[in-house]
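Below is one structure; the comments refer to it alone.
The values are calculated or read from the model by the stated rules, or taken from the named source; none is laboratory data. Bear in mind the structure is a predicted one, so any value in this text is a computation, not a measurement. Positions of Cβ are backbone-derived with ideal geometry, glycine not excepted, and every protein chain shown enters the neighbour counts. Note: areas computed on protein heavy atoms with side chains; ligands, DNA, RNA excluded. Shrake-Rupley method; radii C 1.70, N 1.55, O 1.52, S 1.80 Å.
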Amino acid sequence: MRMDRQTQVLCALRDELLSPSVIGDIPELIKAFQGRILTDLSMADLSKLACLGPKVGTKNLIFARLPEEMMQPGRNDQGSFIWIADFDKVRDLISEFVAGTWPLESEKSNSISTCP
């Protein structure tokens with residue numbers, strides 16, 4: 001359910017960011033998030049991605065979640081709840097996703113959501 005709510009938020013954020021009144025503010029929005037999001041992308045890379053936003057249709061956005069059986073519940077050093085996953089298996093799934101071989105048709109209803 002959390003993944004579904006996150007998908008709704010991301011889809012709504014995408015819609016809002018693509019509204020004509022916001023497009024001119026995208027560079028300032030990127031700067032506002034700088035230092036608050038962990039990424040290895042440069043500001044130039046983030047700017048390029050932002051420019052791609054209007055070209056990505058909602059049918060092309062796919063949100064995939066890791067299979068629950070792959071994760072174990074746990075706690076971080078601060079005591080917050082986290083899911084613990086085998087990063088080698090996660091990397092394998094990401095490679096399969098990028099190659100278009102994951103998830104299998106039979107897994108899609110449990111692993112994939114899209115913007116409405």
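So here's what we get for this one:
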item: Of the trypsin sites (Lys or Arg not before Pro) in region 1-107, those whose Cβ has at most 11 other Cβ within 10 Å and which sit in DSSP loop; result: R36
item: Mean residue ellipticity (222 nm) of the chain, computed from DSSP H runs ≥ 4 via -39,500 (n - 2.57), nearest 500; result: -13500 deg cm²/dmol
item: Accessible solvent surface per residue of region 40-90, calculated while the other protein chains remain in place, 1.4 angstrom probe, Å²; result: 80 Å²
item: Surface share of carbon and sulfur [accessible, 1.4 angstrom probe, percent] for region 6-91; result: 60 percent
item: Correct option for Cα extents along the principal axes in Å [calculated from the coordinates] among (1) 43, 38, 25; (2) 38, 37, 26; (3) 62, 33, 16; result: (1)
item: With Cα atoms, 0 to 90° folded angle of helix 43-52 axis to the chain main axis; result: 90 degrees
item: Residue-span extension gain [D15 to R36] - 0.36 nm each, minus C-alpha spacing; result: 5.4 nm
